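Working notes, structure below.
Read the figures in this text as sums done on the coordinates, not as results from a lab. Since the model is a prediction, treat every value here as computed from it, not as a measurement. Here the Cβ positions follow ideal geometry from the backbone for every residue, glycine too, while neighbour counts run over all protein chains shown.
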Amino acid sequence: MSRIRPRTLGILCVCLVLLGAGVVAGVRWAQSWKGSVTLLANWSGAERERFEEDVIGPFEEKYRIDVLYQGSSALSQVLAADVAAGSAPDVAVLPGPGELLAYAVEGRLHPLDGLFDTGHYDEIWAPRMTVPDRADPHTYWLPVKAGLKSMVWYTGGAPPTVESAGGAERWCLGMESGATSGWPGTDWVEDILLQQAGPQVYEEWANGRLAWTDPAVRRAWTTWGDLVGAGGEPAGRALTTGYATDCADRRLEHQGSFRAEHWRARGGDYVHSSEVVPGAGPDAGAWEVAGDLAALLNPTEEARQLIRYLADPGTALPAYPANEAAAPTGGLDGTREEIGAVLLGAQRQTRCWDASDVMPRPLRDAFHRAVLRHLVEPEALDTQLRELQRLNVERSLPVCSRRTA
């Protein structure tokens with residue numbers, strides 16, 4: 001019988017020590033981490049980095065729950081594929097309530113009742129909804145990010161007016177945004193309708209109770225086409241121009257509050273879009289708003305804890321809050337403080353959801369494509385409106401609110 005050499009014995013002892021240390025470390029890790037939660041959202045780049053640093057990091061440290069973040073610019077398509085495959089994320093964050101309502105109707109979403117105080121939010125942000133097979137109303141989504149629209153940015157000279165803002169050469173226009181190209185154009189059409197026809201008509205249209213072929217809706221399309229020169233070469237170039245491309249000096253841009261930092265760095269400012277929309281009506285002045293909404297697809301305790309944390313007024317969410325119990329916006333620069341005040345209702349002005357974000361996904365996607373076509377073929381507008389109307393379905397969501405802080 002051969003003997004084990006001293007060197008071999010030494011190596012074996014070292015391996016046993018290392019194995020024992022690994023087992024101990026594994027036990028300690030298992031004891032310290034309490035589970036995981038999967039989160040799907042469309043934040044990327046610097047926005048994702050801020051979210052991971054300011055929100056996910058502190059959550060993981062406090063609750064010892066690992067957050068597995070998946071970011072995608074094709075958010076709707078990824079979520080639909082995951083749901084169909086039976087591998088839906090625990091929590092998904094989508095822009096606007098339209099698509100989430102469809103998942104709630106299908107029974108895919110779990111109520112958030114008791115996880116946060118809905119009294120801290122305006123009804124447009126966190127409504128109680130009644131869906132089939134559930135007799136009582138429930139809350140199905142939580143706003144984690146809010147944004148302001150109905151803004152026209154400018155630099156140099158006097159603020160723009162209806163008279164000075166006419167002509168395609170005045171506008172900085174970009175439609176390209178990957179899988180969601182066209183949304184800047186839908187923002188334009190929606191906002192013009194809101195300023196020309198007022199919140200009541202706008203809400204009827206956003207909920208599918210006013211036809212796309214209605215004269216008020218058609219007028220909004222033609223007003224936009226005239227402003228940006230639909231059918232001309234500059235409008236055609238907008239199809240391949242990124243939505244966040246830098247604008248030349250003294251150009252105007254119809255974009256939301258996410259562009260505030262960019263324009264302030266250039267010494268710019270903004271006016272309400274009603275100041276430049278031709279034919280703005282007596283009810284002009286309402287603000288179009290947008291937001292990212294978190295919903296629960298798998299009601300694990302880890303996922304529920306993440307929802308509670310996202311609703312905590314002390315959580316440092318990205319951009320602007322919709323939670324009226326969150327820290328006040330005082331101390332920010334003037335523009336950001338103004339934006340925050342409007343979003344929370346402090347300026348006593350009507351706020352209305354981005355209409356395309358209220359629409360079902362097939363209609364919203366068709367709307368995106370239609371504005372792209374309108375830029376190059378405005379004479380086909382009536383045909384496009386009839387096609388959109390064929391996809392139209394009635395729904396019942398709170399779109400506009402007059403609640404003030």
Original post:
Sorted by mean Cβ packing within 10 Å, highest first, what order do the peptides 253-263, 138-148 take?
Top reply: 138-148, 253-263
Subject >> Length-normalised contact order for the range 23-138 - Cα pairs under 8 Å, 6+ apart - percent >> reply: 25 percent
Original post:
What is the extension gain from residue 66 to residue 158, computed as 0.36 nm multiplied by their sequence separation minus the C-alpha to C-alpha distance, in nm to one decimal?
Top reply: 28.0 nm
**OP:** Search the structure for amide H atoms under 5 Å from the amide H of residue 145, placed 1.01 Å from N in the peptide plane, and list their residues when 5 or more places away or on another chain.
**Re:** 292
**OP:** Net charge near residue 190: determine it from the other residues with C-beta under 10 Å of the C-beta of residue 190, scoring Lys and Arg +1 and Asp and Glu -1.
**Re:** -4
Original post:
For the chain, what is the mean residue ellipticity at 222 nm derived from helices alone (per DSSP H run of n ≥ 4: -39500 (n - 2.57); sum divided by total residues; nearest 500 deg cm²/dmol)?
Top reply: -11500 deg cm²/dmol
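Find the relative contact order for the range 174-258 and round it to a whole percent, using C-alpha pairs within less than 8 Å whose residues are 6+ positions apart. Write down the numbers at each step before the final one.
Details: 62 pairs, mean separation 36.5, N = 85.
Value for the range 174-258: 43 percent.
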**OP:** Kindly write out, for the range 202-210 in residue order, the coupling ³J(HN,Hα) from the Karplus curve 6.51 cos²θ - 1.76 cosθ + 1.60 (θ = phi - 60°), rounded to whole Hz, with x marking Gly and Pro.
**Re:** 4, 5, 4, 5, 4, 8, x, 9, 10
**OP:** Could you check the simple spin-label distance between residue 261 and residue 213, using points 7 Å along Cα→Cβ, in nm with one decimal?
**Re:** 4.7 nm
**OP:** Considering Cα pairs under 8 angstrom that are at least six residues apart, work out the relative contact order of the chain and quote it in whole percent.
**Re:** 25 percent
Original post:
When 62, 34 are ordered from fewest to most other Cβ atoms inside 10 Å of their Cβ, what list results?
Top reply: 62, 34
Original post:
Straight-line reach from residue 62: which lysines have Cα under 16 Å away, leaving out those fewer than 8 places along the same chain?
Top reply: 34
Original post:
Projected onto the charge dipole of the chain (+1 at Lys/Arg Cβ, -1 at Asp/Glu Cβ, origin at the Cα centre), which of 118, 277, 316 gives the Cα projection farthest towards the positive end?
Top reply: 316
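Given a Förster distance of 41 angstrom, what is the FRET efficiency for residue 300 paired with residue 250, based on the Cβ-Cβ distance and rounded to 0.05?
It comes to 0.15.
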Original post:
Stretched out fully, how many nm does the piece from residue 389 to residue 316 gain, at 0.36 nm a residue minus the Cα gap?
Top reply: 22.1 nm
Original post:
So, in nm, how far is label residue 241 from label residue 83 when the simple model puts each one 7 Å beyond its Cα toward the Cβ?
Top reply: 3.6 nm
Original post:
Taking θ as phi - 60°, what are the ³J(HN,Hα) couplings along the range 129-140 by the Karplus curve (6.51, -1.76, 1.60), each to the nearest whole Hz, with x for Gly and Pro?
Top reply: 10, 9, 10, x, 6, 9, 5, 8, x, 9, 9, 10
Original post:
Distance in nm between label sites at residue 226 and residue 102, each 7 Å beyond Cα in the beta-carbon direction?
Top reply: 3.5 nm
Original post:
Mind listing the phi-derived Karplus ³J(HN,Hα) values for the range 259-268, rounded to whole Hz, using 6.51, -1.76 and 1.60 with θ = phi - 60°, and x for any glycine or proline?
Top reply: 8, 4, 4, 4, 6, 5, 5, 9, x, x
**OP:** Give the long-range amide H neighbours of residue 37: residues separated by 5 or more places, or on another chain, with amide H under 5 Å away, using H modelled in the peptide plane at 1.01 Å from N.
**Re:** 66, 67, 68
